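Everything on this sheet refers to the single structure shown next.
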Amino acid sequence: RKEVEQDPGPFNVPEGATVAFNCTYSNSASQSFFWYRQDCRKEPKLLMSVYSSGNEDGRFTAQLNRASQYISLLIRDSKLSDSATYLCVVNNDMRFGAGTRLTVKP
Amino acid sequence: EAQVTQNPRYLITVTGKKLTVTCSQNMNHEYMSWYRQDPGLGLRQIYYSMNVEVTDKGDVPEGYKVSRKEKRNFPLILESPSPNQTSLYFCASRSIAGEVEQYFGPGTRLTVT
């Protein structure tokens, strides 16, 4: 089993839709979690950290479920500019998921 | 401006011809690492370094070497490149204090023929 697994998608949604991605991890001792965004052929950039109590940044909400060992990212009111690949990252040794591709269509 | 730079950005080379991809950061970060990204496999760590003169293997170190003689630089060396090393390579750095953001360079697209 991979250390970090994501549904690769692609997720194709209309503008304004709500979309959610999950990411499962195998190491129950994992302590830190992040979501990164990667645009085509560009470097990944931090979207948000994921805190134990869950956290929100505008239209984006991240949650952690330690019991089931997954993190989630919810995007509300999707914009065209949200089209990208979303990578989950676990632990400070930066184990990356393969990424979930999102396309938001007009 | 805080940044990670990589050079070259694009490189086409032939099997067996030694090459070096440079990586430099200006944020005084202790931790630096190299990743390769391949379709369907995501980012896989090649090597990482916790500080000067301290390097360790990541998940896919075979065929690569690194060095960390100075804090700001972390070059990736391919002594004898092979076609299976054709990939998109990213260098990254971060502070080791707490759970902090990792900054990535712009990437190096390498093709080995």
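A:LYS2 passes every criterion in (1) within 11 Å of chain B (Cβ to nearest Cβ); (2) at pLDDT below 95; (3) crowded, with 17+ Cβ neighbours inside 10 Å apart from (3). Within 10 Å of the chain's Cα centre (by Cα), surrounded by fewer than 14 Cβ atoms within 10 Å (Cβ to Cβ) and part of a strand (DSSP E or B): does that describe A:ALA20? The answer is yes for A:ALA20. Of all residues in segment B:12-70, those satisfying the criterion of being among the acidic types (Asp, Glu) and more than 18 Å from B:GLY105 (Cβ to Cβ) are B:GLU53, B:ASP56, B:ASP59, B:GLU62.
Being open to solvent by less than 60 Å² (accessible area, probe 1.4 Å), over 13 Å from the mean Cα position of the chain (by Cα) and within 14 Å of chain A (Cβ to nearest Cβ) is a condition met by no residue of segment B:48-57.
Restricted to segment A:92-106, and to residues that are part of a strand (DSSP E or B) and within 14 Å of chain B (Cβ to nearest Cβ), which residue is surrounded by the most Cβ atoms within 10 Å (Cβ to Cβ)? This residue is A:PHE96.
The residues of segment A:23-55 that are within 12 Å of A:GLY97 (Cα to Cα) and either modelled with pLDDT under 90 or more than 13 Å from the chain's Cα centre (by Cα) (or both) amount to a single one, A:SER26. Checking each residue in segment A:54-91 for being in contact with a Gly (Cβ under 9 Å, 6 or more places away or on another chain) and within 13 Å of another protein chain (Cβ to nearest Cβ) picks out A:LEU64, A:THR85, A:TYR86, A:LEU87, A:CYS88, A:VAL89, A:VAL90.
Could you tell me whether any residue of segment A:10-17 is assigned to a loop (DSSP other than H, G, I, E, B), within 12 Å of chain B (Cβ to nearest Cβ), closer than 13 Å to A:ALA84 by Cβ and not charged (D, E, K, R)? No; the residues of segment A:10-17 include none that is assigned to a loop (DSSP other than H, G, I, E, B), within 12 Å of chain B (Cβ to nearest Cβ), closer than 13 Å to A:ALA84 by Cβ and not charged (D, E, K, R).
Scanning segment B:58-98 for residues that are free of Cβ contacts under 8 Å to residues at least 40 places away in the same chain, within 22 Å of A:VAL90 (Cα to Cα) and exposed (fewer than 14 other Cβ atoms within 10 Å of the Cβ) yields B:ALA97, B:GLY98. Any residue in segment B:27-46 that is of a type in the set (Asp, Glu), part of a strand (DSSP E or B) and within 11 Å of chain A (Cβ to nearest Cβ)? Yes.
The values are calculated or read from the model by the stated rules, or taken from the named source; none is laboratory data. It should be emphasised that the depicted structure is a prediction, and the values quoted were computed from it without experimental measurement. No Cβ is skipped: glycine too gets one built from the backbone with ideal geometry, and neighbour counts run over all protein chains shown. Accessible surface is based on the protein model in full, side chains and every heavy atom, while ligands, DNA and RNA are left aside. Shrake-Rupley method; radii C 1.70, N 1.55, O 1.52, S 1.80 Å.
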